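One structure is given below, encoded as structure tokens.
The values are calculated or read from the model by the stated rules, or taken from the named source; none is laboratory data. The structure displayed is predicted, hence computed values, not measured ones. With ideal geometry, Cβ positions are generated from the backbone for all residues, glycine too; neighbour counts draw on all protein chains shown.
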Amino acid sequence: MRIIAGRWKGHGIKSVKGRRVRPTTDRVRESWFSALGDAVIDARVVDLFAGSGALGIEAASRGASSVTLVEKARAPAGVIRSNIERLGADDVCHLVVDDVFRFLRQSTEPFDLALADPPYASGEARRLVELYLHEPFANELWLEHPVREELALPEDARTRRYGDTALTTLWSP
């Protein structure tokens, strides 16, 4: 995997090994950031279910003022830590090793953008949408999920499809 644009454009980042990990493809990641446009510049970003950290690090590379990457599993957290160190991104990126929902319940930090790529078929996307609709934790939530996954979305939510992958955007009221 490579960083697509910005400060670390072209730099490779490690991905997490294993069958349970499904990194966001470069094509889908490029589509995310094309849709985000300049909204990422100077934004306070949280990368939920961070995996390898590709989404959060891409946001940092493109000018986010701060990026908090949340991942509960030790192996992926180690990969994120390594990627941050190799790029010298620790001035912008902060890793939190914790359960996403516990982190969100305890966090008092205001976020502009939340990027989330929860494990498929885990029910976590549904839980995250429910939490966001009741207690918005960012101005915008950008959520990757399978096209076939049914989510209870508000009318103003926007979903883009990329093959079997959907990218849904929700805005806080």
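General observations
- In the range 102-126, of all residues being of a type outside the set (A, V, I, L, M) and under 10 Å from residue 49 (Cα atoms), the one that is surrounded by the most Cβ atoms within 10 Å (Cβ to Cβ) corresponds to 117.
- Residues that are of a type outside the set (D, E, K, R) and part of a helix (DSSP H, G or I) were ranked within the range 34-49; the one that is surrounded by the most Cβ atoms within 10 Å (Cβ to Cβ) is 40.
- Taken over the range 129-148, residues that are of a type outside the set (Phe, Trp, Tyr), closer than 19 Å to residue 29 by Cβ and buried (at least 18 other Cβ atoms within 10 Å of the Cβ) amount to 6.
- Of residues in the range 112-135 being charged (D, E, K, R) and under 18 Å from residue 68 (Cα atoms), the one modelled with the highest pLDDT: 112
- For the range 50-78, residues that are surrounded by fewer than 23 Cβ atoms within 10 Å (Cβ to Cβ) and aliphatic (A, V, I, L, M) total 3.
- If the condition is being among the basic types (Lys, Arg) and within 17 Å of the chain's Cα centre (by Cα), then the range 67-91 contributes 72, 81.
- Residue within the range 61-74 that is more than 21 Å from residue 111 (Cβ to Cβ) and in contact (Cβ under 8 Å) with a residue 40 or more places away in the chain present: no
- Candidates 52, 31 - the one that is in a helix (DSSP H, G or I) and touching a residue at least 24 places away in the same chain (Cβ under 8 Å): 31
- Here residue 164 passes the criteria (1) surrounded by fewer than 18 Cβ atoms within 10 Å (Cβ to Cβ); (2) under 28 Å from residue 8 (Cα atoms); (3) acidic (Asp, Glu) except the one numbered (2).
- Check on residue 138, at pLDDT 95 or above, touching a His at 6+ places or on another chain (Cβ under 6 Å) and either under 20 Å from residue 71 (Cα atoms) or acidic (Asp, Glu) (or both): no
- Taking the range 63-160 as the region of interest, the helices (runs of 4 or more DSSP H) fully inside it that hold 3 or more residues being among the charged types (D, E, K, R) are 74-87, 124-134.
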